[in-house]
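One structure is given below, encoded as structure tokens.
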Amino acid sequence: MLLGRCCNFTEAISKLEEAMMLNPTANAMWSIGNANTSYAFLTPDLSEAKNYFDKAADYFQQAVEEVILEFFGL
């Protein structure tokens, strides 16, 4: 998995975002949300951690919307 091979979470998140630009799937969005959530839990600064949780929530919301679009064919 990408997160295990990269030097740090921010690099991994950046690579996932690049991949999502090439193929914006719900799985890619969900993976970026998970990466942001994981990094937020490891961030000691609460305001910085909140930013990563907020980014994660945005990506999770995008993933859900993408699945709904695919499921209902909208």
Review point. Across the range 54-64, what is the number of residues that are crowded, with 16+ Cβ neighbours inside 10 Å and not small (G, A, S)?
Key: 4
Revision key, fill the gap. Restricting attention to the range 19-34, the residues that are open to solvent by less than 20 Å² (accessible area, probe 1.4 Å) and touching a Leu at 6+ places or on another chain (Cβ under 6 Å) number exactly 1
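The values are calculated or read from the model by the stated rules, or taken from the named source; none is laboratory data. As the structure is a computational prediction, the values presented were derived from the model and not from experiment. All Cβ positions, glycine included, derive from the backbone under ideal geometry; neighbour counts span all protein chains shown. For the accessible areas, the whole protein counts, side chains as well, though only heavy atoms, and no ligand, DNA or RNA atoms are used. Shrake-Rupley method; radii C 1.70, N 1.55, O 1.52, S 1.80 Å.
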